[in-house]
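Here's the structure, in structure tokens; my notes come after.
The values are calculated or read from the model by the stated rules, or taken from the named source; none is laboratory data. The structure presented is a predicted model; accordingly, all values stated were derived computationally and were not measured. Cβ placement follows ideal geometry from the backbone for every residue including glycine, while neighbour counts extend to all protein chains displayed.
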Amino acid sequence: MKKIVIVGGGAGGLELATKLGNKLGRKQKAHITLVDKNSTHLWKPLLHEVAAGSLDDGIDAVSYRAHATNHHFNFKLGAMRNLDRVKKTISIDPLIDEEGTMILPASEVEYDILVMALGSVSNDFNTKGVREHCIFLDSPQQAKKFHHRMLNKYLQLGVEETKSVNVSIIGAGATGVELSAELYNSLKQVSSYGFSHIKSTDLHVSLIEAGDSILPALPKRISASAHQELLKLGVDVRINTMVTEANSEGLLTKSGELIKADLIVWAAGIKAPDYMKSLAGLETNRINQLIVKQTLQTTLDKDIYAIGDCASCALPSGGFVPPRAQSAHQMASLVGKNILATLNNKPLVDYKYTDYGSLVSLSNYSTVGSLMGNLMKGSMMIEGRLARVVYISLYRMHQVALHGYIRTGLMTLVERINRVLRPRLKLH
């Protein structure tokens, strides 16, 4: 029986494990194992809502172990440390708890086919002081860390001469823009839960971008629309502003200005985990991504695939597949087909990226973006209620891939019920 190992339980990795478990694991045609250092999965585009407190990850997160049982694959908790391509094994670090006690020893997992789906982490570009003074929204743990600090700042308002909460967000991509808007939405909610002393002017959010526009990966008209919406909310949007240092007072810019901040979020770039740049001699690029062929197999080992943010896949038209959730979803589907083709001695299929457009949520205030497809020659800009519906549907598609239509429908119903039963903001 073939051993298929998937490292990383993000959007692409978990969808692939689910698909292979249902098709192969159920019939015992292959042994599928998912490896992840966390015990639960949360769709990464939702992390800004966890940070602002408008989403409770304890409710929305998926338990890997329970999901594995329901979909006929195995789950192994732990962080990958090394890869041996000759022995065809991956090494897993020992599991240590917060008190330094070893829970599980180091171990090895054998594979016949390996899929790297590790996603990405924030790239601080070695900017001075960033690692010590900034929060990265790479995981639910970091998002909750920001949320707890934000609540503490709200508690301090009016005490010890604390007159406002200053938040600086470096990087005006989707994460930075969405978090900026979500913070103002959470401010409105928090004032109704015993924080009556808080006013709308007590929050100051600075969104800092080194380039000449926010949302640089999106068309200019969408970027301009989002820029105007943020200004209406009160966000201090600063473009053409390069940060050279972070310290206990705030941020220093290239021009020598000090932007004071109580909380700093770094969302200015991504890279694959650092240990991947020297992983078993596989070919990588400057941000540690594994370089793959059009079949999504790594260039130097046909038995190792890479998908999602940790994969560098060239586009025939030039450039590379962008690190988006839709890319990970499409890659997972393609690799699933190619693994099935390999097991059935059939030819592999090349990956063809389809850009369905981009959407950015500005919390409850607005949603802007573009849709692309056969019905539209080029792209169509959408915003407001229609854009919000389409934005939410992207998450529903991810849920359908994991749970099917019936369970996703039930989960949607539960979410609506919770809006009535539970507070609109997480207060702990």
Restricting attention to segment 305-325, the residues that are in a strand (DSSP E or B) and either modelled with pLDDT under 95 or farther than 24 Å from H398 by Cα (or both) number exactly 2
Practice problem: Looking only at segment 353-371, decide whether some residue is touching a helix residue (DSSP H, G or I) at 6+ places or on another chain (Cβ under 8 Å), surrounded by fewer than 20 Cβ atoms within 10 Å (Cβ to Cβ) and modelled with pLDDT of 95 or more. | Solution: no
Of (1) at pLDDT below 95; (2) in contact with a strand residue (DSSP E or B) (Cβ under 9 Å, 6 or more places away or on another chain); (3) among the charged types (D, E, K, R), K76 fails just (1)
Practice task
Inspect segment 66-79 for any residue being aliphatic (A, V, I, L, M) and farther than 27 Å from A311 by Cβ and give the result as yes or no.
Solution key: yes
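With the condition kept exactly as written, say whether any residue in segment 69-79 is out of contact with any Phe, Trp or Tyr (no Cβ under 8 Å at 6 or more places or on another chain), without any contact (Cβ under 8 Å) to a residue 24 or more places away in the chain and closer than 30 Å to A261 by Cβ.
Looking only at segment 69-79, we keep the residues that are out of contact with any Phe, Trp or Tyr (no Cβ under 8 Å at 6 or more places or on another chain), and these are 69-74, 76, 78-79.
Of the ones still in play, those that are also without any contact (Cβ under 8 Å) to a residue 24 or more places away in the chain are 69-70.
Pick out the ones that are also closer than 30 Å to A261 by Cβ and you get none.
Taking every residue of segment 69-79 in turn, none turns out to be out of contact with any Phe, Trp or Tyr (no Cβ under 8 Å at 6 or more places or on another chain), without any contact (Cβ under 8 Å) to a residue 24 or more places away in the chain and closer than 30 Å to A261 by Cβ.
Just the residues that are surrounded by fewer than 17 Cβ atoms within 10 Å (Cβ to Cβ) and either within 19 Å of S206 (Cα to Cα) or outside the structural domain of E245 (by TED's automatic domain parsing) (or both), please, taken from segment 158-183. Lay out the reasoning, then the answer.
Filtering segment 158-183 for residues surrounded by fewer than 17 Cβ atoms within 10 Å (Cβ to Cβ) gives 158-164.
If the condition is that a residue be surrounded by fewer than 17 Cβ atoms within 10 Å (Cβ to Cβ) and either within 19 Å of S206 (Cα to Cα) or outside the structural domain of E245 (by TED's automatic domain parsing) (or both), then T162, K163, S164 are the ones that fit.
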How many residues of segment 228-254 are out of contact with any strand residue (DSSP E or B) (no Cβ under 8 Å at 6 or more places or on another chain), among the polar types (S, T, N, Q) and in contact (Cβ under 8 Å) with a residue 12 or more places away in the chain? The answer is 3
Of (1) without any contact (Cβ under 8 Å) to a residue 24 or more places away in the chain; (2) within 30 Å of L118 (Cα to Cα), K188 fails just (2)
Filtering segment 22-71 down to residues that are part of a helix (DSSP H, G or I), modelled with pLDDT under 95 and surrounded by 16 or more Cβ atoms within 10 Å (Cβ to Cβ) yields K44, P45, L46, L47, H48, E49, V50, A51, A52, D57, D60
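Which of the residues spanning segment 337-359 are assigned to a helix (DSSP H, G or I) and either farther than 22 Å from L24 by Cβ or of a type outside the set (S, T, Y) (or both)? It would help to see each step written out before you state the result.
To start, the set of residues in segment 337-359 that are assigned to a helix (DSSP H, G or I) comprises 337-343.
Passing the criteria: K337, N338, I339, L340, A341, L343.
Tell me yes or no: at least one residue of segment 185-205 is part of a helix (DSSP H, G or I) and small (G, A, S). Break it down stepwise before answering.
Pass one, segment 185-205, residues part of a helix (DSSP H, G or I): 185-190, 200-202.
Filter once more, so that each one left must be small (G, A, S): 186, 200.
Taking every residue of segment 185-205 in turn, at least one turns out to be part of a helix (DSSP H, G or I) and small (G, A, S).
Specify the residue that is nearest to I259 (Cα to Cα); the eligible residues are those in segment 206-230 that are outside any strand (DSSP E or B) and of a type in the set (V, I, T).
Start the filter on segment 206-230 by keeping residues that are outside any strand (DSSP E or B), which leaves 209-230.
Subset that is of a type in the set (V, I, T): 214, 222.
Numbers: I214: 18, I222: 27 Å.
Only one residue fits best here, namely I214.
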A careful count of residues in segment 284-320 that are surrounded by fewer than 22 Cβ atoms within 10 Å (Cβ to Cβ), charged (D, E, K, R) and in contact (Cβ under 8 Å) with a residue 12 or more places away in the chain gives 2
